[in-house]
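Read through the structure below, which is laid out as structure tokens, and then see the notes.
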Amino acid sequence: MRMDLQKIEILIEKYLEGKTTLKEEALLGNFFQMEEVPTHLMPYKDLFAFFSKERETAIAPLKQWAPWETPKSSLRDLEKQWWHSKWTNVAVVLILFSGSFFSGRQYYQKKQAEIAYNQTLSAFSLLAQNYQKATASAVYLNEFEQAKTKIYNPNNK
Amino acid sequence: MEESAFISFITPLQERLFRVAKRLLVSSQEAQDAVGEVTLKLWDKRDSLTSVQNLDAYAMTMTKNFCLDRLKSKQGNHLRLVHVNYEKPTDSLSESIEHRNSFSIVEKAMELLPEKQKLVVQLRDIEGLSYEEIEAILDMKPTALRVALSRARKTLKENLVKHHAYGLTKN
């Protein structure tokens, strides 16, 4: 017992220097738990009793400590749904945009074709007019032909 | 990390995280919230946890940082001061009842320690972690850890000796 106490005092010194091993600290803990200790060591008894009491503080696992138990529909799916709706919106906007773009293009092309048709039409009518003029003038060509044959006719020699 | 592996890693650890958080934050409610927050953070990045060497120390460091941030943001919070003031009257009642309870004396002495010393005592004397683990968690050099531990233990002892001396002269 005397021997023990001496050993304990040495351990306490080491303990206060922060140099004890876990084993030595367990030894001290055991000593202060079981023995009737000398008055001058009472503060250490309180200290080690407090430590062991704190170590045993139990607390039931709380719901908020178990994020894996969160129903999948409430957290993950909500997140998924959000993404889903976001992409749906993007798609809708894209479709609307491209739709108006294509119909606008179609309208433009139709207009262009109409203009081209009208232009071709007026070009044809111009051609027709000039053709008539040309055939009318071609009549005079005949006169030349006659005149030529009269002048150059070898039978008239 | 698989869901089942994550659960078997965090569940036995949560009680310890709670005790450390409570040591720093004092309020049980706040310590519960802290453990919840830390668990959720770890859960969200469980896929990258496999690369962490010491998961227990990692979780403990996160808890410590979370609590210290909490305390920092609370400093200069006027509402909190008012709250403490209101708490005082009921406190003194329980104080007088608990006066002879030496646990509360040690607890009070613990509360007076600086944060780092509180953590060191909590992790060593209560949680029984190795010096290497505590050094990793608190990012401390071995000498710094020994000095902090020594100071904390001596302060606790002195406060308890004072209390005992007081008790003796009173009776």
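Quick notes
- The residues of the range A:24-56 that are of a type in the set (V, I, T) and surrounded by 13 or more Cβ atoms within 10 Å (Cβ to Cβ) amount to a single one, A:V37.
- Residue match in the range B:104-112 (condition: out of contact with any strand residue (DSSP E or B) (no Cβ under 6 Å at 6 or more places or on another chain), modelled with pLDDT under 85 and closer than 26 Å to A:E25 by Cα): yes
- B:K108 falls short on exactly one of the conditions (1) in a helix (DSSP H, G or I); (2) more than 10 Å from chain A (Cβ to nearest Cβ); (3) touching a Lys or Arg at 6+ places or on another chain (Cβ under 9 Å), and that condition is (3).
- Restricting attention to the range B:46-66 and to residues that are of a type in the set (S, T, N, Q) and in contact (Cβ under 8 Å) with a residue 24 or more places away in the chain, the residue that is least open to solvent (accessible area, probe 1.4 Å) turns out to be B:T63.
- Checked against (1) more than 8 Å from chain A (Cβ to nearest Cβ); (2) under 17 Å from B:D69 (Cβ atoms); (3) surrounded by 16 or more Cβ atoms within 10 Å (Cβ to Cβ), B:K41 meets all criteria but (3).
- Looking only at residues of the range B:126-158 that are surrounded by fewer than 19 Cβ atoms within 10 Å (Cβ to Cβ) and closer than 16 Å to A:E13 by Cα, we find that the one that is farthest from the other protein chains (Cβ to nearest Cβ) is B:T155.
- One residue stands out among those in the range B:1-30 that are within 25 Å of B:E115 (Cα to Cα) and free of Cβ contacts under 8 Å to residues at least 24 places away in the same chain: the one that is least open to solvent (accessible area, probe 1.4 Å), which is B:F18.
The values are calculated or read from the model by the stated rules, or taken from the named source; none is laboratory data. None of these values were measured; they are calculated from a predicted model. Neighbour counts run over all protein chains shown; Cβ positions are idealised from the backbone, glycine included. Ligands, DNA and RNA are excluded from the accessible area calculation, which covers all protein heavy atoms including side chains. Shrake-Rupley method; radii C 1.70, N 1.55, O 1.52, S 1.80 Å.
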